[in-house]
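Some notes on the structure that comes next.
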Amino acid sequence: MGAIDAFTEAFSLVIKNKKLYLLVLLMSLIMAPLGAYLIPSDIGYEYNQTSMQRGNVIIEEYGTPIGEDTMDMLVEILKGLAIYSVVAIIVGAIFEYGVTKGIFMQIEGKEYSLAGILMEGLRHFPGVILINFIYGLIMIVFIAVAAIPIVLGVIMMPAGIVLVFLGLLLVLGVLAFTLGLSTLAIPFYVDRGNVGAAFEAFGVAFRNVLSTTGFGVLLGVGVLAIITVASPIAFVTQMTLPENVAPYVSAFLQAPFDALLYMFVWAGGVAFYREIQRMEELKKVDEELAELGIEI
């Protein structure tokens, strides 16, 4: 029930914090043209046809070999991706802390200004980047370990088909658990005020494995639903608008959905943090009553 309650509360927090959604929308609108400019959505491929005659036979060759121009293009793409990634990580960290702080303040009935919480985010974004980086590595390690049965199953095919199937289930379960776990990190950091507190999430997550996994599943479904609704926009704009305009129009049209996605995930983290804290308190009460010989 904890996962379902937190998932429901996430929607409630998004609705109650329209002002914060506008702040996240501002972030998406800032990043939209930058992403469209630095990361091309369509890599052109020149199609050439060359012909040569050997005796009475004409040989035709198609395509463009990889040369210096292609390598230069790939270098430019990687350079643009690197620049965008650095900017997105920093900007995202600032807004993630600020929005999470704003949600907590709204829950507590405290007044706040958007400029004030952004300043809070600016002061604390290095901690957010560090926490997200460590949790990202942990997620990769967990999933890699869970994927070992799949690798063994592929090696032992066809007898290993059962291992492959079990490995896929294990990977999905671990992915859901780590997703639920990672949403707790920043709320712990914002609420407790220090980076070390973010790693308390491990303890509560492993004490509540089913709830953490269940919330990860629900959150993943919600994220996929938002992406599914937004994805046709990119397809339509790419098909109907000129190539030099389509990426920018598509980015701006998708910005509201990107903002909703970020807002939903960050609000979901706060909702699950509050729910899991409540569950931990109830467990402590039950333990104290049990020590007194009282059973409920």
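The values are calculated or read from the model by the stated rules, or taken from the named source; none is laboratory data. Since we're looking at a predicted model, the values are computed, not measured. Cβ placement follows ideal geometry from the backbone for every residue including glycine, while neighbour counts extend to all protein chains displayed. Areas reflect the complete protein model, heavy atoms only, side chains present, ligands, DNA and RNA absent. Shrake-Rupley method; radii C 1.70, N 1.55, O 1.52, S 1.80 Å.
Mind checking which residues of the stretch 256-266 are touching a residue at least 60 places away in the same chain (Cβ under 8 Å) and crowded, with 18+ Cβ neighbours inside 10 Å? Working first, answer last.
Going residue by residue through the stretch 256-266, those that are touching a residue at least 60 places away in the same chain (Cβ under 8 Å) are 256, 258-260, 262-266.
Result: D258, A259, L260, Y262, M263, F264, V265, W266.
Out of the residues in the stretch 246-255 that are touching a residue at least 40 places away in the same chain (Cβ under 8 Å) and surrounded by 18 or more Cβ atoms within 10 Å (Cβ to Cβ), which is farthest from D5 (Cα to Cα)? So that I can check it myself, show each step before the final result.
First pass over the stretch 246-255, keeping only residues touching a residue at least 40 places away in the same chain (Cβ under 8 Å): 246-248, 250-252, 254-255.
After this cut, where a residue has to be surrounded by 18 or more Cβ atoms within 10 Å (Cβ to Cβ) as well, the list is 246-247, 250-251, 254-255.
Numbers: A246: 40, P247: 39, S250: 35, A251: 33, Q254: 29, A255: 28 Å.
Only one residue tops the list, namely A246.
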* For the stretch 203-234, how many residues are at pLDDT below 90, surrounded by 14 or more Cβ atoms within 10 Å (Cβ to Cβ) and out of contact with any Leu (no Cβ under 7 Å at 6 or more places or on another chain)? -> 2
* Asked: Quick one: what pairs do we get from the stretch 197-216, first residue closer than 15 Å to V270 by Cβ, second aliphatic (A, V, I, L, M) and open to solvent by 60 Å² or more (accessible area, probe 1.4 Å), C-beta under 9 Å, 6+ apart or different chains?
  -> A198/L130; F215/I4
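Here is a list: E275, E243. Which entry is open to solvent by less than 40 Å² (accessible area, probe 1.4 Å) and of a type in the set (D, E)? Walk me through how you get there before you give the answer.
On the way: E243 fails: open to solvent by less than 40 Å² (accessible area, probe 1.4 Å).
Unique residue meeting the criteria: E275.
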* Structure fact -> Restricting attention to the stretch 88-128, the residues that are within 18 Å of the chain's Cα centre (by Cα), open to solvent by 50 Å² or more (accessible area, probe 1.4 Å) and either hydroxyl-bearing (S, T, Y) or closer than 23 Å to L175 by Cβ (or both) number exactly 1
* Search the stretch 144-158 for residues being open to solvent by 60 Å² or more (accessible area, probe 1.4 Å), touching a helix residue (DSSP H, G or I) at 6+ places or on another chain (Cβ under 7 Å) and not β-branched (V, I, T), and hand back the single one that is modelled with the lowest pLDDT. => M156
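Can you confirm whether the stretch 159-170 contains a residue that is within 20 Å of N208 (Cβ to Cβ), in contact with a Leu (Cβ under 8 Å, 6 or more places away or on another chain) and either open to solvent by less than 50 Å² (accessible area, probe 1.4 Å) or of a type in the set (S, T, N, Q) (or both)? Steps first, answer last, please.
Taking the stretch 159-170 and keeping what is within 20 Å of N208 (Cβ to Cβ), we get 170.
Then drop every residue that is not in contact with a Leu (Cβ under 8 Å, 6 or more places away or on another chain), which leaves none.
There is no residue in the stretch 159-170 that is within 20 Å of N208 (Cβ to Cβ), in contact with a Leu (Cβ under 8 Å, 6 or more places away or on another chain) and either open to solvent by less than 50 Å² (accessible area, probe 1.4 Å) or of a type in the set (S, T, N, Q) (or both).
Within the group V24, V86, which residue is more than 21 Å from T183 (Cβ to Cβ), of a type outside the set (S, T, Y) and modelled with pLDDT of 70 or more? Before the answer, list the steps.
Details: V24 fails: more than 21 Å from T183 (Cβ to Cβ).
Of the residues listed, the single one that is more than 21 Å from T183 (Cβ to Cβ), of a type outside the set (S, T, Y) and modelled with pLDDT of 70 or more is V86.
Among the residues of the stretch 60-74, which ones are open to solvent by less than 80 Å² (accessible area, probe 1.4 Å) and at pLDDT below 80?
We begin by selecting, within the stretch 60-74, every residue open to solvent by less than 80 Å² (accessible area, probe 1.4 Å); these are 63-64, 67, 70, 73-74.
The answer is G63, T64, G67, T70, M73.
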* To do: List every residue pair whose Cβ atoms sit under 8 Å apart, with the two residues 6 or more apart in sequence or on different chains, where the first one lies in the stretch 142-156 and is of a type outside the set (V, I, T) and the second, anywhere, is surrounded by 15 or more Cβ atoms within 10 Å (Cβ to Cβ) and not in a helix (DSSP H, G or I).
  => L152/G160; G153/G160
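Looking at the structure I just gave you, is I107 under 21 Å from V24 (Cα atoms) and among the hydrophobic types (A, V, I, L, M, F, W, C)?
Working: under 21 Å from V24 (Cα atoms): yes; among the hydrophobic types (A, V, I, L, M, F, W, C): yes.
So I107 passes the test.
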